[in-house]
Amino acid sequence: MPILAERVDAVIGVDTHTDTHSAALVSPVGTVLAEHTVPATPAGYTQLIGWAAEHAPGPRLVWALEGTRAHGVGLTRALLAVTAEVVQAPTPPTTRRRRGGKSDTLDAIAAARNVLADDKPPAQPRADGIRENLRTLLAARRHYTDTRTATVNLLKSLILTADETLRTILRGR
């Protein structure tokens, strides 16, 4: 299988946040061709897709998103709906992260370059459907198990400090 840089015209790195998404269009050799920020809304996703088509040097594009199952889930779904190729941008090692100031545009560029530089095949975003339904059920189960444990512990602590008559009645229950 050819490396990603050999099979694409550009990679679009996207740094996703609650309110905005910053994108950078990067050539296969890592040159920044264009940058753009849009609101994290369906209209913003449409605008970003149009911007990419307008500025891309060719039709073979890969979108490298941060947080495809978090802040980027809406954009991920919009891109998959138009059959775009979407990959999860790898998280850079802690030692390589910038110290000090934060720049969404630099993070978008880094997302694209990290996908291009990764020697492993890019990670695919986790799917909706059965997998997401199972994740939701497991999260709810964990929440209710933790809540039950906390409630039992609270009642036990209240019994410990109750007056002796009530403690005698509740002992062993």
In region 8-60, anything in contact (Cβ under 8 Å) with a residue 60 or more places away in the chain, part of a strand (DSSP E or B) and open to solvent by 10 Å² or more (accessible area, probe 1.4 Å) is listed as THR20, VAL32, GLU35, THR37
Checklist entry - Has region 49-72 got at least one residue that is within 25 Å of ALA127 (Cβ to Cβ) and in contact with a Pro (Cβ under 6 Å, 6 or more places away or on another chain)? => result yes
Q.
For the structure I just gave you, tell me whether ASP128 is assigned to a loop (DSSP other than H, G, I, E, B) and surrounded by fewer than 10 Cβ atoms within 10 Å (Cβ to Cβ).
A. no
Pairing a residue in region 128-146 that is in contact (Cβ under 8 Å) with a residue 12 or more places away in the chain with any residue that is among the aliphatic types (A, V, I, L, M) and surrounded by 10 or more Cβ atoms within 10 Å (Cβ to Cβ), where Cβ atoms lie under 9 Å and the two sit 6 or more apart in sequence or on different chains, gives ASP128/VAL73; ASP128/LEU80
| query | Is there a residue being within 20 Å of the chain's Cα centre (by Cα) and in a strand (DSSP E or B) anywhere in region 74-86? | reply | yes
Considering only region 86-103, I want to know if a residue exists there that is at pLDDT below 90, among the polar types (S, T, N, Q) and under 21 Å from VAL26 (Cβ atoms).
yes
Is it the case, given these coordinates, that LEU154 is within 25 Å of ALA70 (Cα to Cα), at pLDDT 90 or above and not β-branched (Val, Ile, Thr)?
no
Picked from region 30-72 (must be among the β-branched types (Val, Ile, Thr) and at pLDDT 95 or above), the residue nearest to ALA10 (Cα to Cα) is VAL62
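The values are calculated or read from the model by the stated rules, or taken from the named source; none is laboratory data. Everything numeric in this text was worked out from a predicted model, so none of it was measured. Quick reminder, even Gly has a Cβ in these numbers, built from the backbone with ideal geometry, and neighbours come from all protein chains shown. These area figures cover heavy atoms from the full protein model, side chains too; ligands, DNA and RNA do not enter into them. Shrake-Rupley method; radii C 1.70, N 1.55, O 1.52, S 1.80 Å.
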